[in-house]
1. Since Q176 meets every condition but one in (1) among the polar types (S, T, N, Q); (2) within 20 Å of R131 (Cβ to Cβ); (3) surrounded by 14 or more Cβ atoms within 10 Å (Cβ to Cβ), which condition does it not meet?
2. Identify all residues within the stretch 184-195 that are closer than 20 Å to D134 by Cα and open to solvent by less than 60 Å² (accessible area, probe 1.4 Å); write none if there are none.
3. Go through the residues of the stretch 133-154 one by one and say whether even a single one is within 16 Å of the ligand (Cβ to nearest atom) and modelled with pLDDT of 95 or more.
4. Among the residues of the stretch 202-222, write down those that are within 14 Å of the ligand (Cβ to nearest atom) and either farther than 14 Å from A164 by Cα or at pLDDT below 95 (or both).
5. Could you tell me whether any residue of the stretch 34-52 is among the polar types (S, T, N, Q) and within 15 Å of I247 (Cβ to Cβ)?
6. Checking N15 against (1) open to solvent by 40 Å² or more (accessible area, probe 1.4 Å); (2) in contact with an Asp or Glu (Cβ under 9 Å, 6 or more places away or on another chain); (3) over 25 Å from C118 (Cα atoms), which single condition isn't satisfied?
7. Does any residue of the stretch 196-206 turn out to be open to solvent by less than 30 Å² (accessible area, probe 1.4 Å), of a type outside the set (F, W, Y) and either over 27 Å from E106 (Cβ atoms) or assigned to a loop (DSSP other than H, G, I, E, B) (or both)?
8. Would you pick out the residues in the stretch 223-241 that are more than 15 Å from the ligand (Cβ to nearest atom), at pLDDT 95 or above and open to solvent by 50 Å² or more (accessible area, probe 1.4 Å)?
Amino acid sequence: MAKPILVANWKNHPNSLSETMVLLREIAKSAKLYKKLSLFVAPPFTYFESVSERLGNFGQLASQNISSLSPGNYTGQVTPDILKSFGTKLSIIGHSERRGFGETSEHIAKKIKTALHCSIIPLVCIGEMSRDPDGEYFEFLRDELKSSLAGLNPKTDISKLMLAYEPVWAIGKHAQDAITPANLSQSVIFIKKVLTDMFNRVVAEHVPILYGGSVEPANIGPLFSETGIKGFLVGHASLNAKSLKAIAESLISK
Ligand code: 13P
């Protein structure tokens, strides 16, 4: 069976390089544990070198975004060739916090193609803003998925990407506010149905679906064992070495 996937999205944290080094030292103490998973760490760009050096052979570098710009001069941008040169293996694409800055599904579809072209795994984020009793958010989810994956080839492209289901309403809270395993299972089934309609059944079964949104040691167990999820995209809990370790332990105990 494939190893569980754990992606640490550090967003714009820690606040300094020295704090980052302390966190990395703590995380590295559990290197043996992390080797049992597919661990990716997505730090701010400024910490790339330190993180890639210290992850050694127990984790891989990821980026929180990828630019779809072709070669040229772009002040303030980090281009895919720079990401590659640091050994970036995965890019989070279409995170709701980036969609909040105006990134559209068209941009995201372009970025997915850029990542695939550079042999970087696209981790494509989708998720509804809120839930309504009539289940209209499923329509939102379908549209977001369809427009983000538009133009991809089921044979050559889709087999290389991962999806992260991150309902926006569940981000940045605590375990008790996160999605329930039953609701997560429903969303996973729905996403697979849309993938089947868009591509085919084989694709739907093959694409790893991760969950993100207030994942903590307290809720990871049932969210993993009862839902068909292949791994997690973790925000705040990944900035605490103890929580990250507890999350990893739960993943390998299933
Ligand atoms: P939290 O785990 O802090 O809710 O963040 C989730 C997230 O946005 C990961 O990409």
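1. The failed condition is (3).
2. Correct list: L184, S185, S187, V188, F190, I191, V194.
3. yes
4. Across the stretch 202-222, the qualifying residues are E216, P217, A218, N219, I220.
5. Yes, that holds for at least one residue.
6. All conditions pass for N15, except number (2).
7. Taking every residue of the stretch 196-206 in turn, none turns out to be open to solvent by less than 30 Å² (accessible area, probe 1.4 Å), of a type outside the set (F, W, Y) and either over 27 Å from E106 (Cβ atoms) or assigned to a loop (DSSP other than H, G, I, E, B) (or both).
8. Residue satisfying the conditions is K230 alone.
The values are calculated or read from the model by the stated rules, or taken from the named source; none is laboratory data. Please read all numbers here as calculations on a predicted model, not as lab measurements. Because the Cβ atoms are built from the backbone with ideal geometry, glycine has one as well, and the counts that use them run over all protein chains shown. In case anyone asks, the SASA skips ligands and DNA or RNA and just uses the protein heavy atoms, side chains included. Shrake-Rupley method; radii C 1.70, N 1.55, O 1.52, S 1.80 Å.
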